[in-house]
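Presented below is the structure to which this report refers.
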Amino acid sequence: MFKKIILLVLLIVFLFSGMVFAQVYERSETFYTSGTQWGPPSSWNPYNTGGYAMGTFGLCYESLFLYDPLTNEYIPWLANSGEWISPKVYELKIRKGVRWNDGTMFTAKDVKFTFDIAKTAAIGLSPIWNFLGSVDKVDDYTVQLKFDDPLYQELGWYIYNNPIIPEHIWASKSTEEVTSGIGENPVGTGAYMFEASDQSKMVWKKNPNWWANSALGLDPKPKYIIDLVNSSNNVALGQVIMGQYDLNNNFLPGIASIVEGGYGISTYFPDPPYMIAGNTAWLLLNLTKKPMDDVAFRQAVAHAIDVDQIVNIVYGKIVSKADPSGLLPIWDQYIDKALVQQLGFSYNPEKAKAILAGAGYKDVDSDGFVEAPDGSKIALSVVVPFGWSDWMESIKVVSRGCQAVGINLAPEYPDYPQYLDSKLNATFDMMICNDQQMSSTPWTYYDWMFQNPIADIATMQNGNYGRYDNEEAFALADELDKVKVGDIEGMKAVISKLEKIELTDLPLIPLWYNGMWSQTSNAVWTNWPSSAEDSNHYLAATWRGYWNMTGILMLCDLEPAK
Amino acid sequence: MTKPKKRINEFLYFALKNKRLRVGLSVVLFFLILALVGPLLTDYKWDDYVGPAYHPPSYEYWFGTTTFGQDVFTQFILGLKASFLVGIIGGGIGTLIGVLVGFTAGYHGGMIDEFLNMLTNIVIVIPTLAILLIISVYLKVRGVLIESIFIGFTAWPWAARAIRAQTFSLRSRDFVDLARISGIRPLKIMFTEIAPNMMSYLLMTFILQFGGAILIAATLDFIGLGPTNAISLGLMMNLAVLWGALPLGMWWWFIPPGAAIAAIVGALYLTNVGLDEVFNPKLRKL
Amino acid sequence: MKQYFTRKLFIYILTFFIAVTIDWLIPRFMPGNPVQVLLARASLHAEAAKEMYSYYTKAFGLDLPLWKQYLNFWIAIFHGDLGTSILLFPQPVIKIIMRAVPYDIFLLLPSILLSWFAGNKFGAFAARTKWLDNTILPVGYILTATPYMWLAILLGWVLAMVFPIFPLAYASSPAMIHSFSWIFIADYLWHWFLPFASLFMVMFGGWAIGMRNMIIYELEADYSHYLEALGAPRKLVRRYAFRNAILPQVTGLALQLGIIMAGALVTEVVFSYPGIGYLILGAIQNQDFFLIQGCFLFIIIEVLIANFLIDVLYIIIDPRIRIGMGGKSA
Amino acid sequence: MSLKVNNLKVYYQTLRGDVKALDGATFTIADGEIMGLAGESGCGKSTLSNSLILLKPPMRFVGGKVELDNEELPIWDMEKMNDFRFKKISTIPQYAMNAMNPIRKIGKMVSEILKSKKVDFKSTLPELKRRLDLVELSHDVLNMYPIELSGGMKQRMVMVLSTLMNPSLLMADEITSALDVSTQKAVAKMLVEFRDREFVKKLMVITHDISILYQIADSIMIMYAGKLAEKAPTSVIINSPRHPYTKLLISSLPDIGVKYSQKKLTGIPGKPPMLLIPPTGCRFRERCPVAFQKCLNEEPPFVEIKKGHFIACWKEFEKNA
């Protein structure tokens, strides 16, 4: 029996002498990535927003514009230009000479079709029809969007976040197929085409006659892009170290030490926080419950949390502390510094205690924890989903901080559905949450923060889970939506009002900026984006929605390693 | 028939003579003592941030530190404690149920046997993970105790089978028949006539259940179905993998817990064989 | 014989029924509802989310009364329809599982069978061979006492990280797409080895010990003594003892299956090996209840079939059962 | 031709030291003789029979000589003995009920045993069948598994198998104890028949049941505490025993057929000495009604006081003298 096993081993060894490195996809022309796909690739439907295979939108299907969050610029893509020819009419000039990868010409009718289909099928673009009147094709390369009451910021988000689909293929699909079909054999205008997929990977093949080659002189270097299904942290980290990924977008604990450790692994910033801030981690407070409904209490909590400990110990410095306004660094220009200076909070246990005392929170029964002014006991919990290791560590810090100032707050780790349920139905006390990714406008943030009507929060699933009810705030959020995209001053004006409300009422407490986790290897590809002067400043991320935030340009700037 | 007392002395005699038993027991005892006195050797809680992160074993951190600078030794000690708890409670419950079911089935036979057999088979086949999954969602916090009880309630089938077989062979012995004829109640017979003659067997069953419970617990903890409010050896491995201890070369984080489990359970098995050789004259080697 | 089987069959059917019912409960018991989870994954815009919610609720038939859902579940099962995955929406669960099953079969069958044969042979060999009994068996004890995942972690760490001889993860190299080329098969085996080895070793220890203890009893049994008294050579005595000792080992196999499955699960997790085990963990982490459900249903069926086969095998190799069924008795 | 046992010493190894279970036995069994061996349990009779065929730990060969048909038996050597076992010397064990491999068809088992002893099964088969007829077993048993046979059938099957090679010496250890009275008689008769048909030359029948011996044995040997007490033709032992122990033994039997070992020897206080450190002198003296000084110091030899009548007792020697 042992012989058998030994034989087996021998056999394997034999088979491998020489064969191991005989690969089907030539390493030197293949781009390995991971960090988006949480299970085997299973959908190539660009409208399956949360589930389409990595790259379906961005590599295969494309949008009218790209958006560069670091420079706050729109880059004409399938559209040459978009202009407001009248206050309510937005005219899109469509790029000529673009072909779908099945050879068919791409024209205005595809764009019109894409907008129209959002009317019948419930997809990400559908809400535009709340303020869009009609879509008219002027000629083969001109489309006009006629609005009843244009929401500029929102439109600004749609034009780079919505995949354009080919009418000649999608016209025949039923509404179900559009919203939840698998969408195999995707036909897009993009730089890559479907090559293959299996349990653990998705393979994209370069589209030899991609329009941008000639039109923009862009040429993505990798012949193949292989996206590997996410594996456990240790596997991912191990493969990063061994240079088996070119780009990895997983949250990898200890990556800092790897970057310093000289494995040829780099991140956008050479030193802390290493990563570009991708979203804000908030502490949500349930305002429908006592004592969270008390501003003073919320202020106390805000002052009680030692965010630096989370940043330094839990995350090992790969994240950074959030501005009290919670606005991401890319939106720095919108932050009203003076206001923050005046109303902002920071870690200060003494002040926290003072605030509590001042508001009548006293430790009556001297159990080390304060009671509410009305004398009732306070016993609260802060929750994150079980298994979200970094957050689980983080709320320990949060609760320790609160307990230190006398607030009885305990960490709890329910399974995700419980977490979600308590979030949607406002049964939680406090929880961590980071729903909003970076985008073209702070409006997406405030829309999320001040989502209304409160009655529909559970089904809309788009923010304001603490049930903050303030008509003024709601109105301001809508007002911001109506500010023209280019009008920075106009936006600042509204945003500073929103910040004032936010900082005084603290409906939620911004804690830290989660990174746009991105670690790159120079083993096979070089010239990665970085903060360095001489290199490009695109986003090296394969996450859904990031290819069209300059991710695709990152591919074109790569250089094969010598 | 020699007198019980003399018999016990004899057992002790062989027990002390038996190398396997000596080795096995001393290893188990070593870890048990470590688990009991260990907490005195450390003044941290398992999740306190006590020192530098990624710190290899050193004088002040015997087993090094975790990604957050938690003391691995502290986690290890408390994990050990949890493991023994699971072993005793889980193993105990498992044995108890196994004994009850096995006895009743083996003693009564017939329909009762049929039924209990069926029950046993069913419990064997049903994926306990599925049940645990459902339960776990309903318990806000899962503790070591809950886990142990759960394990106990799912791990008894093989014990039941083994004991059933034993009882079968015993119930036909004359001394049992005698008792039966003289109209003693079955339950009484079971515990006065049969049980004493199976004591050794029961003890060994318990030991095996004990070891089994520890292993199962480790598995559950590893896939995150273990305690949510305490540390355990399985959870240590889970965390180590979660935080990339392998690629970061933090061997001191994932080696001790597994090694301890292997050592303890292995020692238990060894003890078991030792006992077998002690109780079963046929196997005594001189 | 016949009524023996009918009885067995009855038990199996009952077990299946109960198991499936528990299985059905999984998504229903979970707080919150799957659709919300699904929508939460697809970060949609408010309006869209609202519409999708009602759409999916219908799609998953969650708006029906419970008893109807239960009924439909059974009907669906017999149509091989295990619902739609959330994690891998909109893929049907059955399809996902079918893609994963081969990996399990090629991993589990060899490791279980090889370790069983090797372990038994070896245990019998070691028994009553003093130096072996004292040297190798302790190792055997440590092996069976080793948590599956720990051995897997160790092997992975030593043979993939410290000395990168074998790959640390996946069932095939990232540069390969399934094909029946030699290169692929070689690559497959290369990735298969570590998971196989760790499973094999742990089980091997168990079987070896089990057989060793069994055979020692058998060697002391009356029939062994009689053979010795008749001056039968050691070989014959041992052969008889082995034949008798193997029987409980077969039952042991049936009893072990559940634990082995769990072992396979964690092993696959450690090596990111895309079998059902790995799928289950992914499903648990992403709360894909329908996938969890499907996987468990599959495990239940696998275990039941395996048990049944073992029952049959047992009847073939143990005359006592066969005759007992024939009605005759000693 | 005969079995000559000379001062055979076989001890039991225990952790506390050697138990002198068989402490110097000297006797002979002539061809054609059926010798019954009786004594309380633990007196060493099983040790004697086992040591002759299967002497293995914890039994230890200490000394003495065993000659079977003028050929010395290397009983201390497990391997060498294999040449004698089955062919020259054989046994019907106490546990005859489960002496056969439960998962082998009996016929197959027999053939495998024969093969292992380099005996051709085919040529032996007719004889085997003949003997099955003799013990009234149908030939089908060869195609059956042991559990398909009743206790008595198994018993007979083992008898046939054990004697198949016409051994010179056969030992039957407590073969009747597990059987009901009628079967006992049948089995006992068969033993005699086997002897008459010369399947076996001589037998040593160990039993609790003197009544059986009374029917079949030519001579009876009484053992006490690892020593031979008395050996004489059956009638003598039953009617005019000389050794005080034998006397008590016989007289204490209320009526033939009761298994006396189950109750204490009435009338005699005390119990057999520990054989770990046996007392000097006669081992029976503590319970012996007629014991005197000499018994205390010197151990009585086992001597032939009359033709075929051996005893070990100072008192009797004096009478003779």
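The values are calculated or read from the model by the stated rules, or taken from the named source; none is laboratory data. Worth saying up front: this structure is predicted, and the values here are computed from it rather than measured. Every residue, glycine as well, gets a Cβ built from its backbone with ideal geometry; the counts of neighbours run over all protein chains shown.
Conditions (1) touching a helix residue (DSSP H, G or I) at 6+ places or on another chain (Cβ under 6 Å); (2) farther than 21 Å from A:G545 by Cβ, marked per residue:
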{"site": "A:M54", "(1), (2)": "no, no"}
{"site": "A:Y61", "(1), (2)": "no, no"}
{"site": "A:D68", "(1), (2)": "yes, no"}
{"site": "A:D102", "(1), (2)": "no, yes"}
{"site": "A:A108", "(1), (2)": "no, yes"}
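Would you check if A:G264 is over 24 Å from the mean Cα position of the chain (by Cα), over 19 Å from A:A191 (Cβ atoms) and not aromatic (F, W, Y)?
Answer is yes for this residue.
Going through B:G266, B:G224, B:G249 one at a time, which residue ends up being buried (at least 24 other Cβ atoms within 10 Å of the Cβ) and either touching a Leu at 6+ places or on another chain (Cβ under 6 Å) or facing another protein chain (nearest Cβ under 8 Å) (or both)?
After ruling out the rest, the residue left standing is B:G266.
Going residue by residue through the stretch A:137-158, is there one that turns out to be part of a helix (DSSP H, G or I), surrounded by 15 or more Cβ atoms within 10 Å (Cβ to Cβ) and free of Cβ contacts under 8 Å to residues at least 40 places away in the same chain?
The answer is yes, given that some residue of the stretch A:137-158 is part of a helix (DSSP H, G or I), surrounded by 15 or more Cβ atoms within 10 Å (Cβ to Cβ) and free of Cβ contacts under 8 Å to residues at least 40 places away in the same chain.
Under the condition of being surrounded by 19 or more Cβ atoms within 10 Å (Cβ to Cβ) and under 30 Å from B:T128 (Cα atoms), which residue from the stretch B:168-201 is modelled with the lowest pLDDT?
B:M198
State the number of residues belonging to the stretch D:164-209 that are over 11 Å from the mean Cα position of the chain (by Cα) and part of a loop (DSSP other than H, G, I, E, B).
Residues meeting the conditions: 16.
Residues A:G243, A:G316, A:G262: which one is within 18 Å of B:F68 (Cα to Cα) and assigned to a loop (DSSP other than H, G, I, E, B)?
Exactly one residue qualifies, and that residue is A:G316.
Taking strands (runs of 3 or more DSSP E) that do not extend beyond the stretch D:31-149, which have at least 2 residues that are out of contact with any Asp or Glu (no Cβ under 9 Å at 6 or more places or on another chain) and among the aromatic types (F, W, Y)?
Per the criteria, no element qualifies.
Filter the stretch C:1-32 down to residues that are at pLDDT below 70 and not small (G, A, S) and give me whichever is farthest from A:Q418 (Cα to Cα).
The residue in question is C:M1.
Select from the stretch A:25-40 the residues that are of a type in the set (D, E, K, R) and either in a loop (DSSP other than H, G, I, E, B) or crowded, with 23+ Cβ neighbours inside 10 Å (or both) and list them in ascending order.
Within the stretch A:25-40, just A:E26 meets the criteria.
B:Y44 versus (1) of a type in the set (F, W, Y); (2) outside any helix (DSSP H, G or I); (3) more than 19 Å from B:W252 (Cα to Cα): which is the lone unmet condition?
Only one criterion is unmet by B:Y44, namely (3).
Surrounded by 21 or more Cβ atoms within 10 Å (Cβ to Cβ) and touching an Asp or Glu at 6+ places or on another chain (Cβ under 7 Å): does that describe C:S85?
yes
Suppose we keep only residues that are closer than 30 Å to B:E277 by Cα and either in contact with a helix residue (DSSP H, G or I) (Cβ under 7 Å, 6 or more places away or on another chain) or in contact (Cβ under 8 Å) with a residue 40 or more places away in the chain (or both) within the stretch B:27-58. Which one would you say is surrounded by the fewest Cβ atoms within 10 Å (Cβ to Cβ)?
B:L36
From the list C:A241, C:A283, C:A254, C:A264, pick out the single residue that is touching a helix residue (DSSP H, G or I) at 6+ places or on another chain (Cβ under 8 Å) and surrounded by fewer than 24 Cβ atoms within 10 Å (Cβ to Cβ).
Criteria check complete, one pass: C:A254.
Mind listing just one residue for me: the one in the stretch D:135-182 that is among the acidic types (D, E) and over 30 Å from D:S51 (Cα atoms) and, of those, surrounded by the most Cβ atoms within 10 Å (Cβ to Cβ)?
D:E148
Can you say whether C:L159 is farther than 30 Å from B:V273 by Cα, part of a helix (DSSP H, G or I) and more than 9 Å from every other protein chain (Cβ to nearest Cβ), as far as the supplied structure shows?
So C:L159 passes the test.
Restricting to the stretch A:114-131, give me the number of residues that are farther than 19 Å from A:G156 by Cα and crowded, with 18+ Cβ neighbours inside 10 Å.
Residues meeting the conditions: 3.
Quick check: is even one residue across the stretch D:15-32 within 14 Å of another protein chain (Cβ to nearest Cβ) and without any contact (Cβ under 8 Å) to a residue 60 or more places away in the chain?
Yes, because at least one residue in the stretch D:15-32 is within 14 Å of another protein chain (Cβ to nearest Cβ) and without any contact (Cβ under 8 Å) to a residue 60 or more places away in the chain.
Please report, ordered by residue number, the strands (runs of 3 or more DSSP E) entirely within the stretch A:427-541 with at least 1 residues that are more than 14 Å from chain C (Cβ to nearest Cβ) and within 25 Å of A:V383 (Cα to Cα).
In the stretch A:427-541, the matching strands (runs of 3 or more DSSP E) lie at A:430-433, A:508-515.
Among the residues of the stretch D:131-176, count how many are more than 30 Å from C:I321 (Cβ to Cβ) and small (G, A, S).
The number of residues fulfilling the criteria is 2.
Just checking, does the stretch C:148-161 include any residue being modelled with pLDDT under 90 and more than 28 Å from B:D221 (Cβ to Cβ)?
No: the stretch C:148-161 contains no residue that is modelled with pLDDT under 90 and more than 28 Å from B:D221 (Cβ to Cβ).
Name the pairs: first residue in the stretch C:189-218 and touching a residue at least 60 places away in the same chain (Cβ under 8 Å) and closer than 18 Å to C:G277 by Cβ, second residue among the aromatic types (F, W, Y) and assigned to a helix (DSSP H, G or I), Cβ to Cβ under 8 Å, at least 6 apart or on different chains?
Short answer, once both residue conditions are applied: C:W192/C:F106; C:S198/C:Y148; C:L199/C:Y148; C:V202/C:Y148; C:M203/C:W116.
Look at C:G231 and say whether it is within 23 Å of D:P102 (Cα to Cα), crowded, with 22+ Cβ neighbours inside 10 Å and within 9 Å of another protein chain (Cβ to nearest Cβ).
Taking the combined requirement at face value, the residue satisfies it.
What's the number of the only condition in (1) outside any helix (DSSP H, G or I); (2) surrounded by fewer than 23 Cβ atoms within 10 Å (Cβ to Cβ); (3) among the hydrophobic types (A, V, I, L, M, F, W, C) that A:V397 fails to meet?
Only one criterion in (1) outside any helix (DSSP H, G or I); (2) surrounded by fewer than 23 Cβ atoms within 10 Å (Cβ to Cβ); (3) among the hydrophobic types (A, V, I, L, M, F, W, C) is unmet by A:V397, namely (1).
Could you list, in sequence order, the residues of the stretch B:229-246 that are of a type outside the set (G, A, S) and either more than 8 Å from every other protein chain (Cβ to nearest Cβ) or within 23 Å of B:F30 (Cβ to Cβ) (or both)?
Once the filter is applied, which keeps residues that are of a type outside the set (G, A, S) and either more than 8 Å from every other protein chain (Cβ to nearest Cβ) or within 23 Å of B:F30 (Cβ to Cβ) (or both), the stretch B:229-246 yields B:N229, B:I231, B:L233, B:L235, B:M236, B:M237, B:N238.
So which residues in the stretch A:205-236 are surrounded by fewer than 20 Cβ atoms within 10 Å (Cβ to Cβ), more than 14 Å from chain C (Cβ to nearest Cβ) and either touching a residue at least 12 places away in the same chain (Cβ under 8 Å) or under 27 Å from the mean Cα position of the chain (by Cα) (or both), if there are any at all?
A:N209, A:S214, A:A215, A:L218, A:D219, A:K221
So C:P274 passes all but one of these: (1) surrounded by 21 or more Cβ atoms within 10 Å (Cβ to Cβ); (2) assigned to a helix (DSSP H, G or I); (3) of a type outside the set (G, A, S); (4) at the interface with another protein chain (Cβ under 9 Å from one of its Cβ atoms). Which condition number does it fail?
It fails just one condition, (2).
With surrounded by fewer than 16 Cβ atoms within 10 Å (Cβ to Cβ) and touching a residue at least 60 places away in the same chain (Cβ under 8 Å) as the only criterion, which of C:L291, C:L313 stands out?
C:L313
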